Each structure stands twice: as structure tokens, then as C-alpha cells.
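As C-alpha cells, the structure follows; a few thoughts come after it.
Derivation of every value follows stated rules applied to the coordinates shown; laboratory data play no part. Remember, it's a predicted structure, so these values are computed and weren't measured experimentally. Because the Cβ atoms are built from the backbone with ideal geometry, glycine has one as well, and the counts that use them run over all protein chains shown.
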Amino acid sequence: MTLKKISLALASVVALPPMFAHAAGPEVTGPQVVQALEGAFGVHPGERRNHTKGTCALGEFTGTAEAAKYSRSALFSGKAVPVVARFSLAGGNPKAPDVARSPRGMALQFKLPQDKVHQMAMLNTPMFGAASPQTFLDLTLAQRPDPATGKPDPEKLKAFKATHPDSLAQAQYLASHNPPDSYAHSSYFGIHTFKFIGEKDKVTPVRWRFVPQGGDKPLGDEALKTAGADFLEKALIDATAKQPVRWDMLVSVGQPGDPQDDPTQPWPANRPEFKAGTLTITSASAQKGAACETVNFDPMVMADGIAPTNDPVLRFRSQAYAVSFGKRLSGQ
Ligand code: HEM
């Protein structure tokens, strides 16, 4: 990435198009959130400001004819599409322990024909912990370590929870679901509602998730104590060296009244569902120097056939990712 491209990315953050300014609310900006992440987790030059610890992977995706009925995206042409992937732990700590009760991430960049790109960046929780960028900012500010203890102030965290009910469902989910024993043994959820655009511009509201063909395998309570801080990367490298690891992409179709702009509210479980494709991960490696390291997995990067809703969190993500991306690529 040239300095010119970085400055263009940053310029697009400073001069926000009205869509972003409106959706995010005037008070929260990308630079503000990234500064808060740096306050909570420190600055690790050249690294992502969130989801800092991670592992690169490569593979392919093949879509189904069923999905092609709802979306004209080249993702669902039935031909294999190359994928650059990254698996990660949420938070800005590059040494986060792999047993942490925090979300795991799976980010995918699909390389479509004619140099088109589609991206997804998902978590292993069915809901997000913020209905607005403000809640994300407030949590990140509350996580800033107290200089006296080196840890977040429990009173501030308590006050955050009491004043941000939209954060509770994800926190409860994380508290009641042990983290996976491998990145390969976890489901990942798109969380936001997206629009599948079909023939004649027919719009279908959808949510998707990727379910591992080998099943979800959380760490047991005992393993949680003994697994150590750094097993996830090795487990993925070893698993893919033996054989490809696969996920089914499952898509739920929204019904009238289902929330479309609130990522903290999952849809009822009984929504019509179809298999939209298979993701096959064939290799994995440490992130330094690998293909995923320099990718900005902005989830607003979408090719024709899939479009965003007005979810303010989805729309805000672009500007936060651009700030983090610009900083890390320029060595900050
Ligand atoms: C206000 C809400 C959010 C903010 C401010 C935020 C911020 C960020 C930032 C700054 C990065 C690092 C970007 C980079 O340097 O490339 C990041 C990465 C990531 N985020 Fe978010 N995020 C938000 C919501 C979400 C949601 C809702 C999801 C899942 C649905 C998500 C999943 C991820 C994943 C998987 C990564 C790692 C991507 C990679 O591997 O490069 N984030 N986030």
C-alpha cells in the first residue's frame, strides 16, 4: 500500500459521507474509537487495533443453486471462489490468552471474477454487544486499565453494564459458552442483517452463519484451565495440514417484523433456512508476511448481489477499520 492510498483511506474517514454521519450519530467517529482501543490495549505498532492476535488461512468457497435463487452474487455461481481468511481473538491484546471468554473472529475475502471482491468479518456469538457505535466506544473506554492496578476499574465496568442494556445479551452468551478448542471447531455468525439482491432487484433480508462440518467443540471446564495461552494457531495449522476443514454457510430468511438494524437481537430460531455454500480452508499460517496480514476486512466491501441494511454498527465499522488499517500499514 502506497502512502498515497493510505492518505486516501484516511481522507475518506475525515470527510464522512452523510450516510455514515447519519447512521453513526454525529458524536462518535472512527478516530475516537481507535484512540479508545489504543487506550484500553496499548499501541502495538504495525498491528490491528482490534482482533490483534490472529492466524492467516487460505481456501475456497463454492455456492449453491438455492442461494442463487435469492442473490445474483458471483459468490453463488457454483464455481469455486478463492478465499483469503483470518481467524482471530477479539480485543487489541496481541498476547490475549486463547482461553479468554472473548469472541473469536473469522474474516473472509472472496476473490470473485473480474477483480471483484466480497468480504465478511464474523464472530462466534449470534449477537453483538452494542446496538450503536456509542455503546462500543463506552465499553472500550471502561476497559482502559486503571494506572494504580493495571486492570480495568470494576466500578466503571459495572456502571457500563448498568447503563448499556444492549451489551448484556452477548456478555451473557460469552459467560455461558466456553470458547472453542480450535478455530476450526466453531460456528461464526454474520450477526448483521444483509440484503440478498436477486433477479429483477428482488430484495430478501437475510442473516448467515458458518457451521463447521466437524461440529462445534467448546473446551471443557477442565481443559479451560490447562489448555494454555497459545494453542489456537497450532491447532488450525495442524488440522489443515492433515485435511481441509469445511464449514456450511447457512442463511436464514427474515420475516416481517424481524429486527434488521439491531445486531444485538438474534432472529427467532425457526426462520426458513437454506445452505448457501461450503467454505473449505486448505492451509493456515502465522500472520506475519502471510496474505491476510495486509487485508482490511471491512464488511462493507461487498460485490453486486449482497447489500447492507441501515444497521448503524455495520455502517460504522468501515470508518473504524480504515483508521486502524491506515495506522498499521504506515507502521504506527
Ligand atoms: C462499533 C462496532 C465495531 C468496531 C468499532 C470495530 C472495530 C474493529 C477494528 C478497528 C478492527 C481492526 C481492523 C483492522 O485493522 O484491519 C476490527 C476487526 C475485526 N472485527 Fe470489528 N468492530 C466492530 C464491530 C464488529 C462486529 C459487529 C463484528 C462481527 C459481526 C466484528 C468482527 C471483527 C473481526 C472478525 C475482525 C478481525 C478482522 C481481521 O481479521 O482483520 N466487528 N474491528
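The table that follows gives values for the structure above.
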{"item": "Only listed residue being basic (Lys, Arg), over 20 Å from ARG207 (Cβ atoms) and touching a Leu at 6+ places or on another chain (Cβ under 9 Å), chosen from LYS161, LYS116", "result": "LYS161"}
{"item": "Counted residues, the range 212-236 - those being surrounded by fewer than 18 Cβ atoms within 10 Å (Cβ to Cβ), on the phi < 0 side of the Ramachandran plot and either without any contact (Cβ under 8 Å) to a residue 12 or more places away in the chain or not polar (S, T, N, Q) (or both)", "result": "15"}
{"item": "LEU279 being touching a Lys or Arg at 6+ places or on another chain (Cβ under 9 Å), among the hydrophobic types (A, V, I, L, M, F, W, C), within 16 Å of the ligand (Cβ to nearest atom) and farther than 27 Å from PRO312 by Cα", "result": "yes"}
{"item": "So PRO299, is it under 14 Å from the mean Cα position of the chain (by Cα) and within 16 Å of the ligand (Cβ to nearest atom)", "result": "yes"}
{"item": "Output for the range 227-247, where each listed residue is of a type in the set (D, E, K, R) and more than 16 Å from the ligand (Cβ to nearest atom)", "result": "ASP230, LYS234, ASP238, LYS242, ARG246"}
{"item": "Residue match in the range 248-257 (condition: under 18 Å from the mean Cα position of the chain (by Cα), within 24 Å of ALA85 (Cα to Cα), away from the ligand (no atom under 13 Å from the Cβ) and among the acidic types (Asp, Glu))", "result": "yes"}
{"item": "Hits in the range 45-61 (condition: within 11 Å of the ligand (Cβ to nearest atom) and either surrounded by fewer than 18 Cβ atoms within 10 Å (Cβ to Cβ) or farther than 11 Å from LEU89 by Cα (or both))", "result": "GLY46, GLU47, ARG48, ARG49, CYS56, ALA57"}
{"item": "Criterion: under 21 Å from ALA40 (Cα atoms) and touching a strand residue (DSSP E or B) at 6+ places or on another chain (Cβ under 6 Å) - qualifying residue of GLN170, GLN143", "result": "GLN143"}
{"item": "Test for GLN109: is it polar (S, T, N, Q) and closer than 23 Å to THR278 by Cβ", "result": "yes"}
{"item": "Evaluation of SER252 against (1) of a type in the set (Ser, Thr, Tyr); (2) in contact (Cβ under 8 Å) with a residue 12 or more places away in the chain; (3) over 20 Å from ILE197 (Cβ atoms) (one fails), failing number", "result": "(3)"}
{"item": "Unmet criterion (only one of (1) surrounded by 18 or more Cβ atoms within 10 Å (Cβ to Cβ); (2) of a type outside the set (Gly, Ala, Ser); (3) more than 9 Å from the ligand (Cβ to nearest atom)) for GLN332", "result": "(1)"}
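Okay, residues lined up against (1) more than 16 Å from GLY54 (Cα to Cα); (2) surrounded by fewer than 20 Cβ atoms within 10 Å (Cβ to Cβ); (3) of a type in the set (Asp, Glu):
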residue: PRO268; (1), (2), (3): yes, yes, no
residue: ALA276; (1), (2), (3): yes, no, no
residue: LYS288; (1), (2), (3): no, yes, no
residue: ALA291; (1), (2), (3): no, yes, no
residue: GLY305; (1), (2), (3): yes, no, no
residue: PRO312; (1), (2), (3): yes, no, no
residue: ARG315; (1), (2), (3): yes, no, no
